[in-house]
Amino acid sequence: MYATFFLPYVVSTLGLLAIQLYRLRRDSSDNRNLITVLSAVLPISYFFFIILSFSSPAAFIDDFNLLDSFHRMLTEDHFTDRLRAFFEQVNEHRFAFERVVMYLIYLVRGEPSPQVQVIIGNLFLFGILGLFHLIFKQTGKPAAYFTPVVLLLFSLVYYENVYWAIAAIQNTSLIFFAMLTAFGLSLQSAKGKVIGLSAALLASFVSGSGIAVWVMGALVIALQKNYRFLVPWLLAAACVVSFYFTFDYTFFPKDRSALWQHPLKNLWFFFSFLGGLFYQDIEHGHAHRFYPDVAASVLAGSMIFIICLCFLVVLATGRLKRETGSLSILAGIILFLFATGAMLVISRPVSINVIWGGEFLSQRYLIFAAVLWAAAYLAVLILVRNTTGPAKGIFALALVGSVVFNLGSYYLYIPKLAIHHATLELDKWYTENQDAMLLSFGAKYEDRLFWNHPTAFRNLLADLRSNGLYDPAQPVDPQIFQAMEHTLEAGIVQPLNWKTALSKKEVVVHGKATNPRVTVTVESTSVQARPVYLILRSDRRSFVLPAVPVRSAPRELLSRLNFWSSRYAFEFREFKFPAGAYALWVVGAYDREGLKPVDTGQIIHLRSEQPSELSTRPVNTTPGAILTD
């Protein structure tokens, strides 16, 4: 079972919150208080504890595109082919910086480990935090006022960064390089220009939206009235953009007419991106209904936009009398995040009202909203820095809100991390035993990476393995299947240590039922056994599923004082596996006997005229019997 230490973290965080609010009321905050230090160290430490606990050495979806190009970058015979692989286009992005990170990891470890990529990518948060602290110094407020920034940045709102390597090293580093660009420009020196240009160049080849950093830089230079440097900046931008879109680049035609046909609906979409901390990881757009999380995101995004716009206007008109260069960093990151949201809308304009129709935003994008909210909070503190009462109220509201978002994100998304971790761990077994199938990818049995090409993914895995670039461990012990066959052939009597249940949820997309979701739940009736795997066995083949612990409901959490309930489950799409009747086996971890497979005597019918439900069949079981070999 996954250790989370969630309850100790909640109690500690709420305790620190109470002390902070009490000290605020007594007006006893200072810059060297132990409580202030703990309020920053605790969320950072817990965040990286979760990363180390749930990150996996297994690659996930787009990670294989990077592994493919990285492999060719090392093995192609001609320099031009290696250069093409280094700058290879993925959708509209060029991931050159990510390949540099992979190469550095490769030099140290001998392989571009996805798990190390996740860790390195999230380490860029320290750079973002450091630059935010430079801005915070201009508020003149006690260090305790910086706590909401830490809580917003180090949360699981963008939880996909914990297991998805490309998400971690792409979005986090992109934001850091955008802020570093603004930092360099804020110095208004020769050294600063070099820093700004270098960071802008790196941002351009982190992600497609990195191109927006040149627009942001030009606006920051204009705000500084440093027009002499504006010309070389624009020339550098022209060179980078020209190379980006001419060197081995393919333009994908898209219908963007919705931009001018439905401008208001796309404005709501833009605001939902800016206020995305309310955005929940649920299915959006499957039905025309009201989505409260999207509505909250649109409302919050519009408010954040107005706050940041006010700050930019005040800064541009010179009304911040104690203006220093660090405010250019704040202006820069706000402008960049606005531009990033605009590029998202331009790349995928909508023709529906997102509040009622929904629009899918990957959770990894929500890091942009988290950074923007932190920037907006600092902008407000700067605007009211000459006051006492309003600043206290803003800090108290931000502190309580950031604690709610922080704790809520862990409660909501630690279970999803457990599911993804367990699923990715089994991918190696599937690629070896199910014709390059992945448990973590695809809603149908026939789905394969690289657009269902019959051999491309299998050949890539073979090439990576032969060159020592990617070969994660195989977690499933083959002796489990030998024990299953031995049990069936010998008619061994087994104990009924498991209670099983199955549920099916129809997935309705625009009024039409599609590939249903099937959930198998198992609970141990013995304190000496814990389920590890669920195995679907038919006469022709077997499929291994992870038994993932189910999160306790709030009332159960308080009564049991345990984040995990006593139930284990796994959800899959019905068409993920071939049609047939499958015997349900549970592989349990026993205190004295290790892993043991047990036939539950239940049958699961998939893709058949019979409903997807458990049915009972005769099996050699005896309640409470002792396992024998």
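Gain on full extension, evaluated as 0.36 nm per residue between Val507 and Asn562 minus their Cα-Cα distance, stands at 16.6 nm. A 1.4 Å probe run over the protein chains yields, for the chain, 43 Å² of accessible area per residue, whole-number rounding. Solvent-accessible surface (1.4 Å probe) assigned to Tyr106 amounts to roughly 70 Å². Near Lys193, which lysines are there with a Cα under 27 Å away, not counting those fewer than 8 places off in the same chain? Excluding near neighbours in sequence, the set is Lys137, Lys225, Lys321. Please name whichever of Ser69, Phe87, Tyr9 sits farthest to the positive end of the charge dipole of the stretch 1-100, dipole taken about the Cα centre and charges placed at Cβ: Lys and Arg +1, Asp and Glu -1. Towards the positive end, the residue furthest out is Tyr9. For the chain, the fraction of C-alpha pairs farther apart than 30 angstrom is 60 percent. Computed from backbone phi, the HN-Hα couplings of the stretch 294-301 come to 5, 4, 5, 5, 5, 4, 5, x Hz, rounded to whole numbers (Karplus: 6.51 cos²θ - 1.76 cosθ + 1.60, θ = phi - 60°; Gly and Pro given as x). Solvent exposure of Arg530, expressed as accessible area, is near 90 Å², computed with a probe of 1.4 Å over the protein chains only. Within the same chain, lysines fewer than 8 places from Lys444 are excluded, and of the rest, those with a Cα less than 17 Å from its Cα are Lys504, Lys505, Lys576. Anisotropy class assigned to the stretch 509-549 is oblate, per the alpha carbon gyration tensor with a/c at or over the 1.5 cut-off and a/b no larger than b/c. Cross-link candidates for Lys499: which lysines have Cα within less than 18 Å, leaving aside residues fewer than 8 places away along the same chain? Cα-Cα hits under 18 Å: Lys596. With all protein chains present, how much of the accessible area of the chain (probe radius 1.4 Å) comes from carbon and sulfur, to the nearest whole percent? For the chain, the apolar C and S fraction of the accessible surface comes to 61 percent. Remark: relative contact order (the stretch 77-134) = 16 percent; criterion is Cα-Cα distance under 8 angstrom and separation of 6 or more residues.
Add +1 for every Lys or Arg and -1 for every Asp or Glu among the other residues with Cβ under 14 Å from the Cβ of Val241, and state the total. Display every interim value, and only then the final one.
Details: positive: Arg94; negative: Glu92.
Charge balance in the 14 Å sphere: 0.
Judged by the gyration tensor of its Cα atoms, with axes a ≥ b ≥ c, the stretch 247-300 is prolate; a/c meets the 1.5 cut and a/b is the larger of a/b and b/c. If each of Phe251 and Tyr22 carries a label point 7 Å out from its Cα toward its Cβ, how far apart are those two points in nm? According to this spin-label approximation, the distance is 6.4 nm. Looking at the square roots a ≥ b ≥ c of the eigenvalues of the Cα gyration tensor of the stretch 126-189, which shape do they give, rounded for a/c under 1.5, prolate if a/b is larger than b/c, or oblate? In terms of gyration-tensor shape, oblate. For the stretch 437-481, what log10 I(q)/I(0) values come out of the Debye formula at q = 0.22, 0.26 1/Å, with one point per alpha carbon and no solvent? After summing over all Cα pairs, the log10 values are -0.91, -0.99. For the chain, the Cβ-based charge dipole about the Cα centre amounts to some 2480 debye (Lys, Arg positive; Asp, Glu negative; other atoms uncharged). Each label was represented as a point 7 Å from its Cα along the Cα-to-Cβ direction; for Asn91 and Asp435 these points are 2.9 nm apart.
The values are calculated or read from the model by the stated rules, or taken from the named source; none is laboratory data. Computed from a predicted model, the values in this text were never measured in an experiment. Because the Cβ atoms are built from the backbone with ideal geometry, glycine has one as well, and the counts that use them run over all protein chains shown. All accessible areas refer to the heavy atoms of the entire protein, side chains included, with ligands and DNA or RNA removed. Shrake-Rupley method; radii C 1.70, N 1.55, O 1.52, S 1.80 Å.
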